[in-house]
Amino acid sequence: MLELATEQGKPLTEMDLADSPLAIRGLTVSYGEKPAVFSVDMTVQPGSMTAIIGPNGAGKSTLLKAALGVIKPLSGQVQVFGRPLDEQRAQIAYVPQRASVDWEFPTRVIDVVVMGLYRDVGLMGRLRKQHISRAQACLARVGMEDFADRQIGQLSGGQQQRVFLARALAQNAAIYLLDEPFAGVDAATEKAIISVLQSLRAEGKTVVAVHHDLATVAEYFDNVFLINTRKIAEGTVADAFTAETLQATYGGRLATAQVDQLALALG
Ligand code: ADP
Ligand code: MG
């Protein structure tokens, strides 16, 4: 597996490292005794869309959270445009795995999107007209402009997912990390989300998404990062998304349905 990683990964010079929007080195994260992510290197290419792929429990969400700095790693470093993560948090916007968000108390859609503006507004700052109109514009970008005053808890899963994306857009970051953005959403939402992500890429922004649908990897993404606690492979879809790397990632756990999808995806 280590050989695979070396073969598929692109060795980078120091220059490249500084240019990378998100570079991770030697990252190990552990919740208990067994590491969830072990000694992982990742170098995200600027202005690209990267899919993080791996079985359940492979450490995909943990990798994203460590890249955001919300989980403290046992060891390793995260660099954002060649600088330590701590100085660069504002550059990263995050759309969490939807199942992990639970709206216990009533919250309006527009208020969720305004949360993305907290760096501009400031903790004690006043919300101004311009903030609200920017939040409205972000809602419009995901096709949710008519839902601003609705309670988030009353929306469908797909609609909620679009609102979370609008919140990330409001942050106006350079890097977008999304955790299974297409899980359990309707086809219209999937289309809306992918078209927003593609427009971000066209603006030169960088998108990294945990992606569970092997059949759409080649259509949606430029690069893949395969993980099963350790990095299995990293590179362009053409180079690193192969029967060999998928076998190494999923082992015997690749279900028949996924194998069928794969046969389709790989031609
Ligand atoms: P994935 O997103 O690939 O499904 P996760 O990153 O969520 O995987 O989890 C990786 C491993 O870490 C799993 O074994 C999971 O059970 C464990 N894990 C995740 N979050 C926690 C947590 N908060 N406390 C303890 N163990 C956790
Ligand atoms: Mg996960």
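The values are calculated or read from the model by the stated rules, or taken from the named source; none is laboratory data. Worth saying up front: this structure is predicted, and the values here are computed from it rather than measured. Cβ: placed from backbone, ideal geometry, glycine included. Neighbour counts: every protein chain shown.
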- GLY32 passes all but one of (1) near ligand 1 (Cβ under 8 Å from one of its atoms); (2) under 26 Å from VAL217 (Cβ atoms); (3) outside any helix (DSSP H, G or I); which number fails? (2)
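Being outside any loop (DSSP other than H, G, I, E, B), in contact (Cβ under 8 Å) with a residue 12 or more places away in the chain and touching a helix residue (DSSP H, G or I) at 6+ places or on another chain (Cβ under 6 Å) is the filter here, so list the residues in the range 142-156 that pass it.
PHE147, ILE152
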- Applying the selection to the range 39-75, what residues are away from ligand 2 (no atom under 15 Å from the Cβ), surrounded by fewer than 20 Cβ atoms within 10 Å (Cβ to Cβ) and under 23 Å from GLN247 (Cβ atoms)? SER39, ASP41
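Would you confirm, using the coordinates I've provided, whether VAL217 is buried (at least 18 other Cβ atoms within 10 Å of the Cβ), part of a helix (DSSP H, G or I) and within 16 Å of ligand 1 (Cβ to nearest atom)? I'd like the intermediate steps shown before the answer.
Details: buried (at least 18 other Cβ atoms within 10 Å of the Cβ): yes; part of a helix (DSSP H, G or I): yes; within 16 Å of ligand 1 (Cβ to nearest atom): yes.
Criteria met by VAL217.
Would the range 234-241 turn up any residue that is part of a strand (DSSP E or B), surrounded by fewer than 24 Cβ atoms within 10 Å (Cβ to Cβ) and away from ligand 1 (no atom under 16 Å from the Cβ)? Steps first, answer last, please.
So in the range 234-241, the residues part of a strand (DSSP E or B) come out as 234-236.
Next, from what is left, pick out any that are surrounded by fewer than 24 Cβ atoms within 10 Å (Cβ to Cβ): 235-236.
Restricting the remaining residues to those that are away from ligand 1 (no atom under 16 Å from the Cβ) gives 235-236.
Yes - at least one qualifying residue is present in the range 234-241.
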- Message: If I filter the range 224-247 for residues that are away from ligand 2 (no atom under 16 Å from the Cβ), of a type outside the set (D, E, K, R) and closer than 29 Å to ARG134 by Cβ, do I get at least one hit?
- Response: no
- May I ask you to list the residues in the range 163-186 that are under 19 Å from ALA51 (Cβ atoms), outside any loop (DSSP other than H, G, I, E, B) and small (Gly, Ala, Ser)? ALA168
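Consider GLN261 carefully, then state whether it is surrounded by fewer than 23 Cβ atoms within 10 Å (Cβ to Cβ), at pLDDT below 95, more than 16 Å from ligand 1 (Cβ to nearest atom) and of a type outside the set (Lys, Arg).
Details: surrounded by fewer than 23 Cβ atoms within 10 Å (Cβ to Cβ): yes; at pLDDT below 95: yes; more than 16 Å from ligand 1 (Cβ to nearest atom): yes; of a type outside the set (Lys, Arg): yes.
Considered against the rule, which asks whether it is surrounded by fewer than 23 Cβ atoms within 10 Å (Cβ to Cβ), at pLDDT below 95, more than 16 Å from ligand 1 (Cβ to nearest atom) and of a type outside the set (Lys, Arg), GLN261 comes out as yes.
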- Task: With the condition kept exactly as written, say whether any residue in the range 77-89 is closer than 24 Å to ALA215 by Cα, within 16 Å of ligand 1 (Cβ to nearest atom) and in contact (Cβ under 8 Å) with a residue 12 or more places away in the chain.
- Result: no
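So if I check each of ALA23, ALA93, which one is farther than 21 Å from GLU234 by Cα, more than 16 Å from ligand 2 (Cβ to nearest atom), in a strand (DSSP E or B) and modelled with pLDDT of 95 or more? Before you say what the answer is, go through the steps one by one.
Values: ALA23 fails: farther than 21 Å from GLU234 by Cα.
Result of the check over ALA23, ALA93: ALA93.
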- Task: Output the number of the condition that GLN160 fails; it satisfies all remaining conditions of (1) assigned to a loop (DSSP other than H, G, I, E, B); (2) of a type outside the set (Phe, Trp, Tyr); (3) in contact (Cβ under 8 Å) with a residue 60 or more places away in the chain.
- Result: (1)
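Would a scan of the range 182-202 turn up a residue that is within 16 Å of ligand 1 (Cβ to nearest atom) and surrounded by 15 or more Cβ atoms within 10 Å (Cβ to Cβ)?
Yes: one or more hits.
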- Note on the structure: Within the range 235-248, residues of a type outside the set (Val, Ile, Thr) and in contact with an Asp or Glu (Cβ under 8 Å, 6 or more places away or on another chain) come out as ALA240
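Report yes if LEU117 is crowded, with 20+ Cβ neighbours inside 10 Å, out of contact with any Asp or Glu (no Cβ under 9 Å at 6 or more places or on another chain) and farther than 27 Å from THR216 by Cβ, otherwise no. Give the derivation first.
Values: crowded, with 20+ Cβ neighbours inside 10 Å: yes; out of contact with any Asp or Glu (no Cβ under 9 Å at 6 or more places or on another chain): yes; farther than 27 Å from THR216 by Cβ: yes.
In short, yes.
Looking only at the range 102-130, count how many residues are part of a loop (DSSP other than H, G, I, E, B) and either under 16 Å from ARG150 (Cβ atoms) or modelled with pLDDT of 75 or more (or both).
From the range 102-130, those part of a loop (DSSP other than H, G, I, E, B) are 102-107, 116-117, 122-128; that's our starting set.
Those still in the list that are either under 16 Å from ARG150 (Cβ atoms) or modelled with pLDDT of 75 or more (or both) too: 103, 105-107, 116-117, 128.
Residues in the range 102-130 being part of a loop (DSSP other than H, G, I, E, B) and either under 16 Å from ARG150 (Cβ atoms) or modelled with pLDDT of 75 or more (or both): 7 in total.
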